[in-house]
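Structure first, then comments.
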Amino acid sequence: MDKPAPLLAVEIHALREAFAALNRDDISAFIRLLDPQVKWIETDLPQGGTYRGLSAVEAHLSQARASWAEGSCEPQGFVAAGDRIIVFLHVHVRLKHETAWREGHIADVFTFRDGKAIEKRYFVDGGKALEWAGVEPPDEN
C-alpha cells in the first residue's frame with residue numbers, strides 16, 4: 001500500500017512531513033502543503049465542515065489541534081490514484097477535556113495540482129475513500 005506513482009513520490013513525502021508537523025503542533029508547516037485556494041472537507045465529524053482557503057483551514061486546524069492534550073495522527077499507508085493520494089491514518093489522541101484516549105483508523109484523500117494539495121476530503125471508512133478516489137479496494141482473501 002506504500003508504492004507511490006513516481007510522479008506523486010514528492011507529494012507523498014510532503015504528506016509525511018505535513019503529518020509530522022501536525023503531530024508536533026506546527027500548523028504553519030502543515031499548511032505549506034496546501035494551495036492558497038484549497039478546499040478542505042470534513043463532513044463526517046461533529047466539528048467538521050467545508051473550509052476554503054489557507055486562512056480558514058489554518059484556523060480550523062489550529063482549533064482542532066489545540067483540543068489535543070497529547071497524541072498523534074500517524075500515516076500508515078499511501079495509495080496514489082491519478083492526481084489523488086489516499087492517506088490511511090491511525091489516530092491516537094487524548095483531548096484536553098477527557099481522560100480516555102480516542103483511537104481509530106481514518107483516511108484522507110488529497111488531490112494535487114502543481115505540487116500543492118487543492119482539496120482534502122476526510123473519510124471515516126478507508127473503503128469509501130478508495131471508492132471516492134476511483135480505486136478498487138484490495139481483495140481481503
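Here are the numbers for this structure:
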item	result
ALA59 paired with GLN37, simple spin-label distance in nm, labels 7 Å along Cα-to-beta-carbon	2.1 nm
Size of charge dipole - the chain - debye, nearest 20, with Cβ of Lys, Arg +1 and Asp, Glu -1, no other charges	440 debye
Cα→Cβ-extended label distance, 7 Å offset, between ASP26 and SER67, nm	2.5 nm
Spatially close lysines, pair count over the chain: Cα under 22 Å, gap of eight or more or interchain	7
Exposed trypsin sites (Lys or Arg not before Pro) absent: longest stretch of the chain, with sites in DSSP loops and at most 12 other Cβ within 10 Å deemed exposed	25-95
Rh (Kirkwood; distinct C-alpha pairs) - segment 6-132, Å	14.7 Å
Gain upon complete extension [GLU136, GLU17; 0.36 nm per residue less C-alpha separation]	40.1 nm
Sparsely packed GluC sites (Glu not before Pro) within segment 52-141, loop by DSSP, other Cβ within 10 Å at most 13	GLU98, GLU140
Simple spin-label estimate for ASP125 and HIS97 in nanometres, 7 Å along Cα-Cβ	2.9 nm
Proximal charge balance of TRP132 [Cβ under 15 Å; K/R count +1, D/E count -1]	-3
Helix-derived mean residue ellipticity, 222 nm - over the chain, DSSP H n ≥ 4, -39500 (n - 2.57), to 500	-8000 deg cm²/dmol
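Read-outs: derived from the displayed coordinates by stated rules, not from any lab. Just so you know, these numbers come straight off a predicted model, no measurement behind them. Cβ atoms come from the backbone with ideal geometry, glycine included; neighbour counts cover every protein chain shown.
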